[in-house]
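Data block below; observations after.
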Amino acid sequence: MQLSRPSSAARAAQPSMARPAPRAPRARCVRVRAHGAVGATELKKQGFIGEMRAVAMKLHTRDQAPKEGKQESKQPMTAWTPTREGYVRFLAESKVVYDAFEEITTKAEHPEYKLFQNTGLERSKPLEKDLAWFQQQYGIATPQLPADSPGREYAALLRTLASSDPPAFICHYYNYYFAHTAGGRMIGSKVASMILDGAELEFYKYNGDVGQLLDAVRVKINELAESWTPQQKEHCLKETAATFKSSGSLMGFIAGSH
């Protein structure tokens with residue numbers, strides 16, 4: 001016997017077999033950390049340099065680190081009024097500081113400073129070229145810095161710390177050199193577009209991959225920190241705010257606030 005199919009109307013009238021609702025995905029436990037905080041596993045992997053970075057990032061402004069900075073700038077870059085003369089003064093002040101760093105690591109009063117010789121991050125020679133370029137290009141001579149200029153005072157502080165307080169000196173070394181490769185280069189690029197017709201200074205150029213140069217120094221800092229006591233490590237981290245204060249005193253020459 002052949003069974004007849006129900007009419008389309010009858011089929012429409014029949015209740016449909018509702019599909020079960022899809023199961024809601026199981027909630028995942030996500031641990032949210034403030035930027036710069038390092039979990040125990042990550043910290044162990046990065047070593048002491050991870051702790052140094054975590055402390056430093058808490059003090060960065062959004063101008064210095066657009067993606068990660070947390071502090072508000074007292075004078076944001078949008079309010080800067082850079083001049084070529086002010087920029088030359090900044091470069092001259094910076095050279096005095098880099099001269100001190102490189103003199104300290106070359107003399108190596110403490111043997112561990114030899115780890116930071118010829119890292120590829122050295123900036124004194126590029127700055128010397130840039131200052132000569134300003135003289136040739138714009139007729140702006142390198143200024144004679146007074147004894148109490150921010151750069152000279154910072155250089156004097158570095159020499160004192162290098163002799164008597166190596167963990168504090170290494171904190172300054174890390175923050176000064178590493179900041180220049182990141183926010184410093186970004187600021188340099190913006191200022192160049194404002195007053196130098198986009199010219200790229202030697203100060204911001206490196207021979208080789210700067211990321212690899214930084215990685216090599218990270219390894220050396222971690223190696224050195226392994227010989228420190230917990231108290232020395234904590235002392236190094238606490239010096240971070242002082243590094244920002246000293247280096248920040250030079251930035252006013254670019255911003256036009258000095």
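Laboratory data are not the source of any read-out in this text; all were calculated from the coordinates shown. Please read these numbers as outputs of a predicted model, since none were measured by experiment. Cβ atoms come from the backbone with ideal geometry, glycine included; neighbour counts cover every protein chain shown.
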Practice prompt. Give the residue from GLN137, MET57, GLN232 lying farthest towards the positive end of the charge dipole for the stretch 46-255; charges sit on Cβ (+1 for Lys and Arg, -1 for Asp and Glu) and the dipole is referred to the Cα centre.
Written response: MET57
Worksheet, complete the sentence: Residue separation between THR83 and GLU223 times 0.36 nm, minus their alpha-carbon distance, gives in nm 46.2 nm
Fill in: In Hz, Karplus ³J(HN,Hα) per residue of the stretch 229-244 (6.51, -1.76, 1.60; θ = phi - 60°; x = Gly, Pro)
7, x, 5, 5, 5, 5, 4, 4, 5, 5, 6, 4, 4, 5, 5, 5
Fill in: Pairwise FRET efficiency - ALA156 versus GLN46, Cβ, R0 = 30 Å, nearest 0.05
0.40
